[in-house]
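Values quoted throughout were computed directly from the atomic coordinates according to the rules given, and no laboratory measurement underlies them. Worth saying up front: this structure is predicted, and the values here are computed from it rather than measured. Using ideal geometry, Cβ is built from the backbone for each residue, glycine included, and neighbour counts are taken over all protein chains shown.
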């Protein structure tokens, strides 16, 4: 045995030492594994601290260690830490193994004896593996300076502007005809009650005019290839039937268009738009879209009123979808959220009882630019409600629907209560489970509402009905609820009910995640790299997430994430190069028989076959290091760095303690 | 404690992929979900890296069972490589049967990075399943195959 191995066992405070006999494990490793090259084994309170790292570095120099095994937390947390420590002491970082005795041992087991024994086996596996580790150098690849931002809501807008203002090019892709997202639909924003459009539209205009932003609305990403620094992205630019170069956005076309359609997207079904339309007056870009499903010309073959009246001949009924291919170095996903479908809770009466509204409908109803010009009236278009009930947690914090808290609904419902009170003078009842106002200025807003005289009823609404029991309830919507503060059932008659439907992941979040190679949580929100310390990165290098696509979030939090993701991308661009893990497959051409089994296994087409020499070769630029070809090669001609056969087979030996010398029991004759 | 009263504790080698199932194990840890301590994990980049040799080597070396885990079908970080692991899994089951090893000693588990709870629960049920099967009875006198009980005492 020529290697000199150091084993370092971390206490992690009591996280590991509370269950695993850390000192005992360390002593055992020093003795039992001495025959395998372990020359020193130590335990320490916090191996990741600077003192812990110095301990390792000192040993590398003084004990002339050639390999290091650290038994601590998951390699996904601190592998870079310990590799860097080794590098600092002159040892190739890939000669260091971090084995997990915390996430996989002390945190998940309660039996101290069994957990200690398992820690020994895990360390033994790490020691056997490290012997076969090879010196590696990270692969350096250049980073393309352009960035793709998917989603033009406030998070995507913020991210795009931050990067563009720093002098780098951004492609901003938005599925709808205009950027703006949900925020563009709102009237006021909590807790300051500033007008949503007033703070959003200047940013939208900035995006539209920015020399560093290519804005692709009415477009969707269809394909993503490559890896950090070098993504190839295909974008489908759907036909608008408008020649953008000629259109001035004058608006004559949608004035003249004879076809009216209910706007289910922007007006949430409350208002109408034309078949050629911009979703709202401040839309960016200013060009309209022809809705080819409802346009009379596409249905009957005649009309073309818009074409007739267009002063610049910008209408093109023959326009086709276009495929745009771009190369980018980094991608930010800010694809937002969907609203919980309130019809899933039939007892609340949405779509059955006319004057039950969702939160998005109420946003449009209260919006000065909305279908009623901001007048809060019932569906008949004229009656001002005398009493309004606002139901919190619709579809949220409910084991039957979404178990999580949607985080924005309390504040949004308080905002609604304020607006109703201010504009109609109606009595307002808020039905809440718990009041959650955990941000700057939010609790103060709640106090303000209490002073305004809003009625707060603590209880989950059982039912909204129009079946009256007493004359006072005739013609009203009655909210049946248990008021848990007084311990009584109550029936409260109101004229209008607003359901604060919760937030949920986009219906197609899973497909989008798959397209970009990232993961979704149980509720289909995109998963961040670390929930606390790396909230906008994902497990896939070069792909970042921002805004409500990662989880329920209000506007300030979405803006923070958009800016944070942009900062991460700018950091990568500034480095000009990125280090990739040198985990790649290579073919030993002397051993390759040319059977070509590996060729079809590679999803990245990284394996070339040389017809002349009848051997295969892996292109390291395309190889992603999954190792499938390594496992499949019948000749054993392909080796995978970082996860070689020797490393894994030895680790199995180690985990099964086949490396521990002892006298076998005499075989009975 | 005598041999009769001591319950059989199987030794199980588990293969995880870097992106989903290893993260499910991390998740189970972070959430402090408790499960049986019988499984010792090896991290591969992808379940597609799983060379059947690894599984047979584990059995030959004294493991009572082997767990193979990866991303859910369709969720593979490398697009479709977990399907290749699935193909090999079925092949390995047939080979094991021919060697006289119960097919219940090899388990395939799909677990996403969010499914720590499922990972923990499945490990518990697998350990129970293997405990019911009893020790893998290698009828060998080869000195290379060490007596497992002696080995386990070394670390106990």
Problem - Net lengthening on full extension, residue A:225/residue A:646 (0.36 nm per residue, minus Cα-Cα) - result: 148.4 nm
Handout entry: For a label point 7 Å along the Cα-to-beta-carbon line of residue B:53, residues of region A:129-147 with backbone N under 18 Å
Key = A:129-134
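Based solely on its DSSP helices, what 222 nm [θ] is calculated for chain A when runs of n ≥ 4 H residues each add -39,500 (n - 2.57) and the sum is averaged over all residues, nearest 500 deg cm²/dmol? Numbers along the way, then the final one.
Values: 16 runs with 179 residues, N = 669.
After summing the helix terms and dividing by the residues of chain A, the value is -8000 deg cm²/dmol.
Taking other Cβ within 10 Å of each residue's Cβ, how do B:44, A:136 sort, fewest first? Mind showing how you got there, number by number?
Working: B:44 26, A:136 16.
Going from least to most buried by this count: A:136, B:44.
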Practice task
Over the Cα atoms of region A:1-74, compute the convex hull volume and normalise it per residue, giving Å³.
Solution key: 77
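Across peptide B:30-36, how many C-beta atoms of other chains are within 10 Å of each residue C-beta, on average? Please report the intermediate quantities before stating the final value.
On the way: counts 9, 3, 4, 2, 5, 3, 4.
If you average over the peptide's residues, the count of other-chain Cβ atoms is 4.
Could you give the alpha-carbon Rg of region A:339-503 over 2.2 N^0.38 Å, rounded to two decimals?
Values: Rg = 14.8 Å, N = 165, 2.2 N^0.38 = 15.3 Å.
Against the compact-globule rule of thumb, the ratio is 0.97.
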Problem - Estimated inter-spin distance, residue A:597 and residue A:343, nm [label 7 Å along Cα→Cβ] - result: 5.4
Completion exercise
Rounded to the nearest 10 degrees, the helix A:112-131 long axis (Cα) sits at an angle to the longest Cα principal axis of chain A of 70
Problem - Shielding score for A:96-108, defined as the mean number of other chain Cβ atoms within 10 Å - result: 5
Practice task
Tell me the label-point distance for the pair residue A:380, residue A:265, using the 7 Å Cα-to-Cβ offset, in nm and rounded to one decimal.
Solution key: 3.4
Practice task
Give me the percent of DSSP beta bridges within chain A that run antiparallel, rounded to the nearest 5.
Solution key: 50
Practice task
Report, to the nearest 10°, how far helix A:22-32 tilts away from the longest principal axis of the Cα atoms in chain A, using its own Cα long axis and a range of 0 to 90°.
Solution key: 40
Practice task
At 0.36 nm per residue, minus the direct Cα-Cα distance, what do residue A:45 and residue A:113 gain on full extension? Give it in nm, one decimal, please.
Solution key: 22.5 nm
Problem - Span per principal axis, largest first, for the Cα atoms of chain A (Å) - result: 97, 71, 51
Fill in the blank from the handout: For the pair residue A:354 and residue A:532, the simple spin-label estimate (label points 7 Å beyond Cα toward Cβ) gives in nm 5.4
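If you count, for every residue in B:76-82, the Cβ atoms of partner chains within 10 Å of its Cβ, what is the mean?
6
If I take R0 = 41 Å and measure r between the Cβ atoms of residue A:302 and residue A:605 in this structure, what FRET efficiency does the formula 1/(1 + (r/R0)^6) give, to the nearest 0.05? Could you put the intermediate results ahead of the total?
On the way: r = 50 Å, r/R0 = 1.21.
It comes to 0.25.
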Problem - Nearest-ten-degree value, helix A:645-655 long axis tilted from longest Cα axis of chain A - result: 80
Exercise for the section: Run through the DSSP bridge list for region A:339-503 and note the antiparallel percent, rounded to the nearest 5. Expected result: 40
Handout entry: Residues A:609, A:280 arranged by fewest to most Cβ contacts within 10 Å
Key = A:609, A:280
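Sort A:123, A:228 by Cβ crowding within 10 Å, fewest neighbours at the top.
On the way: A:123 30, A:228 19.
Lowest count first: A:228, A:123.
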